[in-house]
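FYI, it's all coordinate maths here, none of it is from the lab. Everything quoted here is computed from the prediction, not taken from an experiment. Cβ sites come from the backbone with ideal geometry, for glycine too, and all protein chains shown count toward neighbours.
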Amino acid sequence: MNENFKKALFDYLLWMGDTTLVLGHRISEWCGHGPILEEDIALTNIALDLLGQARMYLTYAGEVEGKGRTEDDLAYLRDVMDYKNSLLVEQPNGDFAFTIVRQFLFTAFSYHLQDALLSSSDERIRSIAEKAIKEVTYHLRHSSDWVTRLGDGTEESHQKVQDALNEAWMFTDDLFAMLPGDKLLMDEKIIPDFKIIRRKWNDTIKGVIEGAALKLPTETYMMNGGREAKHTEHLGYILADMQFLQRAYPGAKW
């Protein structure tokens, strides 16, 4: 494995691991605060699923890097400017409508990506996708149902979910950002062409949004830079919370 290819694969795995880790932490903030008991449990389970995906990606990333760093080292001992997660997932939970819309926009992307990765030439990535696709299929159904339920519900719930969609939309372009090294992975059929993933994502989003009597935002300024470690101010606060124990007590174990 030459150095350019190695770096491209490491960067890709880090992006996937960071994105699922940060979103999982965000959703875990709902634990004990869900609108109903059933939804409290559902969100907690989704957070655990994402944490499991993050562990697999970061473990593999550490092995590819070859510097002896474990999943815990990558999760807890990097600073904010070393994180590569997509910008959408670091946005604050806000109200329930925003949490659901953020989850729907990301999960529709993750579903089509994981589905494509089932054909990856990389055995480890393929095995991760085989597990993740089962989880993400449920996540997509769950968030889609809630978007429809809120959008086609009361006047207040409709307005809240529309406002959430308008607010979150500016971060969706960043989901499809690619680095120069990604072409090396595409040439080896390790990852898919994101143009194809975006077309499928657009179809999924459009179908659910129209079914919920909502409108897709237009002429929205798009923010990018997550994979280049250019983040919003919110990520630092997440990491301060998430990394506190490991920073305060290095090497602590249960």
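Listing for the model above:
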{"item": "Binned Cα-Cα distance frequencies in region 1-61 - 5 Å width, integer %", "result": "4, 21, 21, 16, 12, 9, 7, 4, 3, 2, 0"}
{"item": "Alpha-carbon centroids, region 175-199 and region 51-130: separation in whole Å", "result": "15"}
{"item": "Among Gly181, Gly94, Thr19 - extreme Cα towards positive end, dipole of the chain, charges at beta-carbon", "result": "Gly181"}
{"item": "Above-threshold pairs, the threshold being 26 Å between Cα atoms, out of Lys134/Lys160; Lys134/Lys189; Lys67/Lys200; Lys7/Lys195; Lys160/Lys230", "result": "Lys134/Lys160; Lys67/Lys200; Lys160/Lys230"}
{"item": "Principal axes of region 3-248: Cα extent on each, largest first, Å", "result": "55, 43, 33"}
{"item": "Simple Cβ-charge dipole of region 98-161, Lys/Arg +1 and Asp/Glu -1, about Cα centre, in debye nearest 20", "result": "140"}
{"item": "Over 19 Å [Cα-Cα, region 76-201], rounded percent", "result": "56"}
{"item": "Packing rank of 50-57, 14-21, where each peptide gets the mean count of other beta carbons within 10 Å, highest leading", "result": "14-21, 50-57"}
{"item": "Contour excess over end-to-end distance, with Cα ends at Ala229 and Arg149 and 0.36 nm allotted per residue", "result": "25.3 nm"}
{"item": "Potential lengthening between Tyr249 and Asn93 on full extension [0.36 nm per residue; Cα-Cα distance subtracted]", "result": "53.3 nm"}
